[in-house]
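Enquirer: Below is a structure I'd like to ask you about.
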Amino acid sequence: MDSIRIRGGKPLYGKIEISGAKNAALPLMVASLLTDETVTLSNLPHVADISTLINLLCQHGADAKMNGQNDANGCTGGRTLAITARNITSTEAPYDIVRKMRAGALVMGPLLARVGKARVSLPGGCAIGTRPMNLHVSALEQMGAEINITGGYMDAVAKNGLRGAEIRFDTVSVGATENLLMAASLAKGTTVLENAAKEPEITDLIKLLRQMGADIEGDETDRLVIRGVDKLHGAQHRVMPDRIETGTYAIAAVITGGRLELTNTEAGLIRSVLDILIEAGAEIVITTDGLIVSRTGPGVRGVDIMTMPYPGYPTDMQAQMMALMTICDGAAMITETIFENRFMHVPELARLGANITVHGHSALVRGVNRLVGAQVMATDLRASVSLVLAGLAAEGETVINRVYHLDRGYERLEEKLAACGADIERIMAV
Ligand code: EPZ
């Protein structure tokens, strides 16, 4: 398995182009199963989860073509993907794919809506929590699906097709909202989703579905009204910028005391993160295609955070902010309310000298004067990148093992950081 070696302590200066959002791209790709025409998505990120999902869609019978030119900097092309699911030849989403990438389970709603059946593996738990599927299952049942869970699979049929329903989610779920939005777009009658997620990735999915002919009201609110249509058609759509990648590099600028310009993105997508960074002592300048982030003084102030559904502080930025708070003046209380086990980075940050005490869902971070490089192990995507950020700030050498997690969601991370002065390299496993 590859690892990443960082020799820390260098302020980062330069420009980083933000990629398209993985967490938007995955549901957008799944939406292609709703039509026999071609859905073309541009600004796709080059990350492992995208290839995994292409494999799954092809197993369902879709044809996927990657186009695009290499750019002037020699960056790989192939950011435009045309998916045509003319015929659905298999309705099974196998364990091998869904256990690696739970977004695979999003095919359940579209397959039920289009062909009336789906057999989808339960994703199982992961490093950040148990992550059940009950909200997806119960909402699809309310739309007329019969779902049996046996042998680790959700076997779903909708003999008479899906019909509109009034659904209230007990918990705000990004995935369940996406699954139901897609299913309801092709159902008979009107579906109302109450307590729906409002994440920008949901808004991006609604934009594509609308272009495909769906009738949806209520974007950016927690009440979505979807009037089902008989047929959806092909469309073209540009994937929104990755707000979590944007926030991660914003923290890279602040933790190293440097200045980074982030392009091809929108500051408005990470308002809650920028508010905390400003309180912590960062300066943010909004530009026409992104933002410039720098640190105003020598230190970082401790600021408390609590993760919440959008527009609150994102759980996917919790580990990165914790890395920053390890070197703050004073202390910071970090509370995780979305996932029950999302502090796996704490013992690894402690190996670099961080002083963190976990009490249930909260972690008290007492700032230390310096972090010192060590060997650490990545446990999930955002935990991994928090170790990269801490390694950039630490004195000496940090080696992060098991970096395949990073490759699932950060495109060319070491190249982007090295271009801004980081001493970082990938050590390929032999
Ligand atoms: C999406 O996961 C993201 N993944 C996650 O990003 C992100 O952390 C999460 O939303 C929250 O913002 C993708 O978009 C591919 P949820 P998702 O359903 O949809 C509970 C990353 O690092 N729940 O909104 O799976 C669940 O256990 C990843 O990029 C149920 O109880 O998350 C959690 O506590 C990790 N029953 C809460 O809801 C259900 O049926 C929110 O989860 C579904 C969810």
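Enquirer: Among the residues of region 343-351, are any farther than 21 Å from Ser384 by Cβ, within 16 Å of the ligand (Cβ to nearest atom) and not aromatic (Phe, Trp, Tyr)?
Expert: No, that holds for no residue.
Enquirer: So, in region 327-356, of the ones that are under 28 Å from Arg412 (Cβ atoms) and touching a residue at least 40 places away in the same chain (Cβ under 8 Å), which residue ends up surrounded by the most Cβ atoms within 10 Å (Cβ to Cβ)?
Expert: His345
Enquirer: Quick check: is even one residue across region 170-184 over 20 Å from the mean Cα position of the chain (by Cα), within 16 Å of the ligand (Cβ to nearest atom) and farther than 15 Å from Ala145 by Cα?
Expert: Taking every residue of region 170-184 in turn, at least one turns out to be over 20 Å from the mean Cα position of the chain (by Cα), within 16 Å of the ligand (Cβ to nearest atom) and farther than 15 Å from Ala145 by Cα.
Rundown of residues vs (1) within 14 Å of the ligand (Cβ to nearest atom); (2) out of contact with any helix residue (DSSP H, G or I) (no Cβ under 8 Å at 6 or more places or on another chain); (3) not in a loop (DSSP other than H, G, I, E, B); (4) not polar (S, T, N, Q), yes/no style:
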site: Ser138; (1), (2), (3), (4): yes, yes, yes, no
site: Leu205; (1), (2), (3), (4): yes, no, yes, yes
site: Ile226; (1), (2), (3), (4): no, no, yes, yes
site: Val229; (1), (2), (3), (4): no, no, no, yes
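Enquirer: Can you tell me which residue among Glu92, Glu166 is surrounded by fewer than 24 Cβ atoms within 10 Å (Cβ to Cβ), more than 16 Å from the ligand (Cβ to nearest atom), over 30 Å from Pro45 (Cα atoms) and at pLDDT 95 or above?
Expert: Glu166 is the lone residue from the list that is surrounded by fewer than 24 Cβ atoms within 10 Å (Cβ to Cβ), more than 16 Å from the ligand (Cβ to nearest atom), over 30 Å from Pro45 (Cα atoms) and at pLDDT 95 or above.
Enquirer: Restricting region 126-136 to residues that are in a loop (DSSP other than H, G, I, E, B) and either of a type in the set (Lys, Arg) or in contact (Cβ under 8 Å) with a residue 40 or more places away in the chain (or both), which is nearest to the ligand (Cβ to nearest atom)?
Expert: Arg131
Enquirer: Here's a follow-up. Tell me, which strands (runs of 3 or more DSSP E) lie completely within region 324-430 with 3 or more residues that are of a type in the set (Val, Ile, Thr)? Let's see the steps before the verdict.
Expert: Values: elements: 331-335, 355-359, 362-366, 375-377, 397-401, 423-427.
The strands (runs of 3 or more DSSP E) meeting that bar are 355-359, 397-401.
Enquirer: Could you please find all residues in region 27-49 being surrounded by 23 or more Cβ atoms within 10 Å (Cβ to Cβ) and aliphatic (A, V, I, L, M)?
Expert: Scanning region 27-49 gives Leu28, Met29, Val30, Ala31, Leu33, Leu34, Val39, Leu41, Leu44, Val47.
Enquirer: From the set of residues in region 143-156 that are buried (at least 17 other Cβ atoms within 10 Å of the Cβ) and not in a loop (DSSP other than H, G, I, E, B), which is farthest from the ligand (Cβ to nearest atom)?
Expert: Result: Tyr153.
Enquirer: Report, by residue number, each residue of region 288-326 that is among the polar types (S, T, N, Q), surrounded by fewer than 16 Cβ atoms within 10 Å (Cβ to Cβ) and more than 30 Å from Asp222 (Cα to Cα).
Expert: If the condition is that a residue be among the polar types (S, T, N, Q), surrounded by fewer than 16 Cβ atoms within 10 Å (Cβ to Cβ) and more than 30 Å from Asp222 (Cα to Cα), then Thr296 is the only one that fits.
Enquirer: Turning to a different aspect of this structure: When you go through (1) under 15 Å from Asp275 (Cα atoms); (2) within 11 Å of the ligand (Cβ to nearest atom); (3) in contact with a strand residue (DSSP E or B) (Cβ under 9 Å, 6 or more places away or on another chain) one by one for Glu336, which number turns out not to apply?
Expert: (1)
Enquirer: Hey, does region 357-373 have a residue that's over 19 Å from Ala252 (Cβ atoms) and buried (at least 20 other Cβ atoms within 10 Å of the Cβ)?
Expert: Yes, some residue in region 357-373 is over 19 Å from Ala252 (Cβ atoms) and buried (at least 20 other Cβ atoms within 10 Å of the Cβ).
Enquirer: State all residues of region 29-53 that are without any contact (Cβ under 8 Å) to a residue 60 or more places away in the chain and either touching a helix residue (DSSP H, G or I) at 6+ places or on another chain (Cβ under 8 Å) or among the small types (Gly, Ala, Ser) (or both); if no residue qualifies, say none. Write out each step before concluding.
Expert: Of the residues in region 29-53, the ones without any contact (Cβ under 8 Å) to a residue 60 or more places away in the chain are 29, 32, 36, 50-53.
Correct list: Met29, Ser32, Ile50, Ser51, Thr52, Leu53.
Enquirer: So if I check each of Thr335, Thr379, Thr315, Thr307, which one is farther than 18 Å from Lys10 by Cα and at pLDDT below 95?
Expert: One residue alone meets the criteria, Thr379.
The values are calculated or read from the model by the stated rules, or taken from the named source; none is laboratory data. From a predicted model like this one, the values you see are computed outputs, not experimental measurements. Note: ideal-geometry Cβ built from the backbone for every residue, glycine included; neighbour counts use all protein chains shown.
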